[in-house]
Amino acid sequence: MQPIRVGLSALYGGLFFVVAAFNFYVYGVTHDGMQLGLGIMMGVIGLMYTFGTFLAERAFEPFFTTKVKGTGLGLSQVHGFANQSGGAVTVASEPDRGTVVTVYLPRAQTEVPAEPGTSASTGRQNVQGTVLVVEDSRDVADVTSALLEQLGYRVVRAENAAEALRHLQQGIEFSLLFSDIVMPGTMDGLGLAQVCREQYPDLPILLTSGFSDAAQAADGHFDILRKPFELSVLERAIDQVIGDARSRPRASASS
């Protein structure tokens, strides 16, 4: 139901919605990468709400939104969920008629028990470590946490720098600090990173931002991951930051 919920949120403004589900069969491999076999098709129809050709082409782009206060993560979440499940998602829109977002998912034939030592959420054999995610937007934090869990990391979340420092002071062994730069409060992500570099010098730090000015302010001092980012880009950035940290001589954290 999660893809349907975020799909409905993205298709705001329609007079009413229709949700339908059908069984279907895929013959051969589609252009979306779906494999031969039985599947389930779920359609979310927003009557009288239309995207237009340009918006439909960008509908699944992370952080792209037509809302005043939107995050641009609703349909991108659906797209990621469908593809990671071996399925696909499409959008069709016609003026004065409405918009249809269709999610195609492979149908499970049998229930497969999780193997011992395997994470049910990621399918990876080993937990990679724990990441402290600092993000004031709940929607962005949800997506970021989901991506990190796919990579095999546990996630501890904080909404601001003060909360992040409290987590660090509890003595949790974090593999990475992953923080947004622009945050409310007396300390932003750059300030948090500077404090952590002084107090926790062995902690790998990766900052992220969708604002070029904020990213430029931190550039040259910390590793920056520009928003929006895909799973593979996030994985490479984390591997780089953690690898660099491991190659440096360990320092004793200040008391």
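What the table shows:
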{"quantity": "Residues of region 206-221 satisfying the condition of being buried (at least 22 other Cβ atoms within 10 Å of the Cβ) and either in contact with a Gly (Cβ under 6 Å, 6 or more places away or on another chain) or closer than 25 Å to Arg250 by Cα (or both)", "calculated": "Leu207, Thr208"}
{"quantity": "Search result, residues across region 186-199 that are buried (at least 18 other Cβ atoms within 10 Å of the Cβ) and in a loop (DSSP other than H, G, I, E, B)", "calculated": "Asp188"}
{"quantity": "Among the candidates Val241, Val182, residue that is farther than 24 Å from Arg138 by Cα and not assigned by TED's automatic domain parsing to the domain that holds His79", "calculated": "Val241"}
{"quantity": "Total residues in region 168-181, condition crowded, with 17+ Cβ neighbours inside 10 Å and either hydrophobic (A, V, I, L, M, F, W, C) or at pLDDT 95 or above (or both)", "calculated": "8"}
{"quantity": "Residue count for region 202-232, restricted to those that are at pLDDT below 90 and either in the same structural domain as Ser76 (by TED's automatic domain parsing) or within 19 Å of the chain's Cα centre (by Cα) (or both)", "calculated": "10"}
{"quantity": "Filtered residue count, region 230-255, keeping only those that are within 22 Å of Phe174 (Cα to Cα) and touching a residue at least 60 places away in the same chain (Cβ under 8 Å)", "calculated": "6"}
{"quantity": "Tally, over region 149-159, of residues that are crowded, with 19+ Cβ neighbours inside 10 Å and either closer than 20 Å to Val182 by Cβ or not assigned by TED's automatic domain parsing to the domain that holds Val233 (or both)", "calculated": "1"}
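The values are calculated or read from the model by the stated rules, or taken from the named source; none is laboratory data. As the structure is a prediction and not an experimental result, all values here were calculated from the model. Don't worry about glycine lacking a Cβ; one is built from the backbone with ideal geometry, like all the others, and counts go over all protein chains shown.
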